[in-house]
1. Looking at THR121, THR154, which is the one that is exposed (fewer than 15 other Cβ atoms within 10 Å of the Cβ), under 16 Å from ILE65 (Cα atoms) and in contact (Cβ under 8 Å) with a residue 12 or more places away in the chain?
2. How many residues, within the range 124-151, are of a type in the set (S, T, N, Q) and either within 22 Å of ILE97 (Cα to Cα) or crowded, with 16+ Cβ neighbours inside 10 Å (or both)?
3. Pairs, please: C-beta under 8 Å, at least 6 apart or cross-chain, first residue surrounded by 10 or more Cβ atoms within 10 Å (Cβ to Cβ) and in the range 167-192, second at pLDDT 80 or above and not in a helix (DSSP H, G or I)?
4. Just a yes or no: is a residue in the range 82-95 farther than 26 Å from PRO164 by Cβ, charged (D, E, K, R), outside any loop (DSSP other than H, G, I, E, B) and not assigned by TED's automatic domain parsing to the domain that holds THR154?
5. So which residues in the range 97-147 are part of a loop (DSSP other than H, G, I, E, B) and over 24 Å from LYS28 (Cα atoms)?
6. Taking the stated definitions as given, is LEU96 closer than 22 Å to ILE153 by Cβ and more than 28 Å from the chain's Cα centre (by Cα)?
7. Pairs under 9 Å by beta carbon, first residue in contact (Cβ under 8 Å) with a residue 24 or more places away in the chain and of a type in the set (Asp, Glu) in the range 53-65, partner part of a strand (DSSP E or B) and surrounded by 12 or more Cβ atoms within 10 Å (Cβ to Cβ), six or more apart or different chains?
8. Mind checking which strands (runs of 3 or more DSSP E) fall wholly inside the range 20-67 and carry at least 3 residues that are within 30 Å of ALA84 (Cβ to Cβ)?
Amino acid sequence: MWFWFGVILVLIAVFILPAFYIVPQWEKVAVVRFGKIENIVSTGLHLRIPLIDSLMRVDIRTQTIDLMGQQAITKDNISVIIDAVVFMQVENPELLILKVQDYRNAVNKYAQSAIRNIIGTYNLDDLLESREEVAIQLKDEIDLLVKDWGIDITRAGLQDISLPPDMKRAFAVQAEAEREARATQIMANAELLASEKLKLAAENMKDPNAMQLRILSTINDISKDQSNTIILALPLETLRTTELDGIAAMASIKHKEYPTKQD
């Protein structure tokens, strides 16, 4: 009796328990029977034929491919180092299993080749200004190939563009020169605007009344400090308005005599 009980336990362990398997929500499983993909199953508890059916699990979550330190040469023969990242997701597990053996390594190698080819079509200045455009081209270039493998490239991006030290110094000098040029241009525009305003003010000051108002305003500004001594030169027009015309008129003003102290 114990013998048959043991046989039953062995049969359960060998045939019944392995017949059940669980597929997580983030995976798809290909059931391979006699070397052929029989079915692609998704989340849940499933049955298989023990010792006949084998399982190949495929992760369908978004995966990243890091392209770090990729050396490339621009169209104007300048060496740069590119750091990029590619995001991909498996859409068709059956194609993935049938078409490519190590899909992560394959995508990585092709992405390295694609990014060098794309960088070679740009001048350095255009490359620094067109990072998003380069990233889109990289995504489209990789997606064109891996689409046949059942993979979708969801996004690609350039993380960093490193320049040689001598090019960094050259760009720093160029940036400083551009800043100085902009500052000089701003100062020149300010001086031009000021000269136009001064010209307009001079035209307005030709009117004697305007000049007198300006003089009175100036006197009012500087007279706030009682310690100042004000010496004011008045134009003849101002003297004429006060009926003082010329030196003779000034001399005709009688000086007030002050009493002297008697001994």
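The values are calculated or read from the model by the stated rules, or taken from the named source; none is laboratory data. Everything numeric in this text was worked out from a predicted model, so none of it was measured. Ideal geometry is used to build each Cβ from the backbone, glycine not excepted, and the neighbour counts take in all protein chains shown.
1. THR154
2. Of the residues in that region, 1 qualify.
3. Filtered contacts from the range 167-192: MET167/ILE78; PHE171/LEU163.
4. no
5. GLY120, THR121, TYR122, ASN123, SER130
6. yes
7. Qualifying pairs under 9 Å: ASP59/GLU27; ASP59/LYS28; ASP59/VAL90.
8. Passing ranges, in order: 53-59.
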